[in-house]
Every structure is written in C-alpha cells, then in structure tokens.
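Report on the following structure.
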Amino acid sequence: MSQTFRVGLGTDLHRLVEPGPLILGNITIPFEKHALGHSDADALIHAIIDAILGASGGGDIGQVFPDTDEANRGRDSGDMLKVVWDRVRAQGWAMGNLDCVVHLQRPKLAPHIPRMVDRLSQLISVPPETINIKAKTGEGIGLVGREEAVAAECVVLLVSETNSPRC
Ligand code: MG
C-alpha cells in the first residue's frame, strides 16, 4: 500500500486591543491586550485550521465557520480545530507534522510554547513531537512591532495510508 502526502499552508492575523488576556494556541497568556475577532480570535489555531483544510482540499476556515453565524461568536477555537480534525481524520488522513510561526512583539512566547504544544497535541490526539511552534517579534516595526497585531503561519503535512483518500 502506498502512502499519499499533502501539504497545506495557513496564515492569520488579528488586531490586538486592550484589555487582556491573550488567547493563543488554546492557552491563556497574561498580557494587557487581547486579539479582536468574532470567535476567541486565536490566530495560531486559525492558521493551523486553514493549513489542515488546505492540505485536505477542504476550503478555508471562513467557509466552515462563517463569521455571520452567531453560533461562532466567542467560540473556542480549540473546539473548531477538533471539529475540522475529526472531519479530516474521517477522510483517511493522519498527521505528518505541523510547523508554526507566531509573530508577536510582546509578551515573550518562549516560556509558553511547551504548554501550547501540549495543548495542541491533546486537542488533535497527536504526539507532541509532531508539533513545532516558533516565535518571532516584529523588530519594533510594522503592525506586529507596534503591538497592533498578532499573526501566525503554519504548514502541515498530512499522510494517508489508504490508496485513495477522499479530499
Ligand atoms: Mg482568525
């Protein structure tokens, strides 16, 4: 039986406004600003969802969870990720790996990354070593550097052990 591989890319950006805290990677990070959005505005999870949908040919997060739907207001993005991952897994896909970059000027994310990786691995039931998260500042310039936004990028590799995964 041959393996099939698909790569997917996801990006997201949300405005930062007072007050805190900040939700990122489905954990709560003490900070004086939060990300503004229709759901809980978790930019990292949204980028991951779009990468998974992209790899599986499933469209994008706005099609699956429209921001015109009141059911999605303030919604836990971890719940959205579980819904998408269950759907993609049912199509025959397994996780190869996730690699993510978060762009945030402050606070420093390094102390929080192990907990974010653990949380993500629990949400989608994959080993933590298949998930990598990196953090970058905005070097004090641009939307990220001026602390006006948080952004995230993610690539995912999905693997299918079946001969004809349903995309
Ligand atoms: Mg978003």
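The values are calculated or read from the model by the stated rules, or taken from the named source; none is laboratory data. Fair warning: this is a prediction, and the values are worked out from it, not measured in the lab. As a convention, Cβ positions derive from the backbone with ideal geometry for all residues, glycine included, and neighbour counts pool all protein chains shown. Surface accessibility is based on the protein's heavy atoms, side chains included, excluding ligands, DNA and RNA. Shrake-Rupley method; radii C 1.70, N 1.55, O 1.52, S 1.80 Å.
The residues of the stretch 77-167 expose on average 49 square angstrom of accessible surface per residue, using a 1.4 Å probe on protein heavy atoms.
Apolar share of the accessible surface for the chain: 52 percent from carbon plus sulfur atoms, 1.4 Å probe. Contact order for the chain, expressed relative to its length and based on alpha carbon pairs under 8 Å spaced 6+ residues apart, stands at 35 percent. Computed with every protein chain present, the accessible area of K82 is close to 90 Å² [probe 1.4 Å].
If you take the square roots of the eigenvalues of the alpha-carbon gyration tensor of the stretch 70-120 and sort them as a ≥ b ≥ c, do you get rounded (a/c under 1.5), prolate (a/b over b/c) or oblate? Oblate is the answer for the stretch 70-120, as a/c is 1.5 or above yet b/c matches or exceeds a/b. Of the residues L143, L44, L104, the one that moves most in a GNM of the chain with alpha-carbon contacts below 10 Å is L143. Across all directions, the average flat footprint of the convex hull enclosing the Cα atoms of the stretch 74-167 is 7.1 nm². Across the stretch 115-125, computed HN-Hα scalar couplings (Karplus, 6.51 cos²θ - 1.76 cosθ + 1.60, θ = phi - 60°) run 6, 5, 4, 4, 5, 4, 5, 5, 4, 10, 6 Hz from first to last residue, x flagging Gly and Pro. Each of T68, T4 has its accessible area taken with a 1.4 Å probe; listed largest first, they run T68, T4. Would you kindly state how much longer the chain becomes between E32 and K136 on full extension, computed as 0.36 nm times their sequence separation minus their alpha carbon distance, in nm to one decimal? Extra length from E32 to K136 when fully extended: 35.5 nm. Between the Cα long axis of helix 43-56 and the first principal axis of the chain there is an angle of about 20°, rounded to the nearest 10.
A probe of 1.4 angstrom, applied to the heavy atoms of all protein chains, finds E161 with accessible area near 100 square angstrom. Taking a ≥ b ≥ c as the square roots of the eigenvalues of the Cα gyration tensor, the stretch 26-76 is oblate, since a/c reaches 1.5 or more and a/b is not larger than b/c. Shape verdict for the stretch 5-141, please, from the Cα gyration tensor: rounded (a/c under 1.5), prolate (a/b greater than b/c) or oblate. Oblate. Sum -39500 (n - 2.57) across every DSSP H segment of at least 4 residues in the chain, then divide by the residue count to get the 222 nm mean residue ellipticity, nearest 500. -8000 deg cm²/dmol, from helical runs alone.
Set Lys and Arg Cβ to +1 and Asp and Glu Cβ to -1, take the dipole of the chain about its Cα centre, and tell me which of G62, A47, L13 lies farthest positive. So the residue we want is A47.
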